[in-house]
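Presented below is the structure to which this report refers.
Any read-out appearing in this document is the output of simple, stated calculations on the displayed coordinates, not a laboratory observation. Just so you know, these numbers come straight off a predicted model, no measurement behind them.
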Amino acid sequence: MKRKKAVILLPTAYNDGTKVPPAVMSLIFRELQIKFAGYSQGGLVRGTYTMEDGTLVKDKSIMVWFILPDKNQEIENVRRLAAKFAKWLRQETLYLEVMDVEAEFVHPDDDDEGENV
């Protein structure tokens, strides 16, 4: 089934190098859980970003992805949420990627006579 998948990179430090407090990250993950009924979190990814003033910032970010609900294929709500996260994380911008994917949530097959593990 065609769905939309969103990926957000969440920096683990503010632009001044101060670590983001765990409470802020918890708020972000709570928002994702409430709005999208779940998310997946990858490991740390490293990257760089050139600020508008020309300053080069090196990032360590947490990659988070989630599937948009069928009823909400519009990405404007995701953009607004990413903007809110950018404010909480004191970022000039936040990376957001939205793509069309074939995705589904597969339930166990009750008719399967295979062994239980």
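Some observations on this one:
- Backbone HN-Hα couplings from phi across the stretch 56-69 [Karplus 6.51/-1.76/1.60, Hz, Gly and Pro as x]: 8, 10, 9, 10, 10, 10, 9, 8, 10, 9, 7, 9, 6, x
- Total lysine pairs whose alpha carbons fall under 27 Å of each other in the chain (8 or more apart, or interchain): 28
- Between the Cα long axis of helix 76-88 and the first principal axis of the chain there is an angle of about 50°, rounded to the nearest 10.
- Entry note, the stretch 2-102: relative contact order of 47 percent, from Cα contacts under 8 Å with a spacing of 6+ residues.
- Crossing angle, helix 22-36 versus the chain [Cα axis fit, 0-90 degrees, rounded to tens]: 40 degrees
- For the stretch 2-102, the spread of Cα positions along the three principal axes, ordered from largest to smallest, is 40, 27, 23 Å.
- Cα gyration tensor category, rounded, prolate or oblate, for the stretch 1-47 with a/c compared to 1.5: oblate
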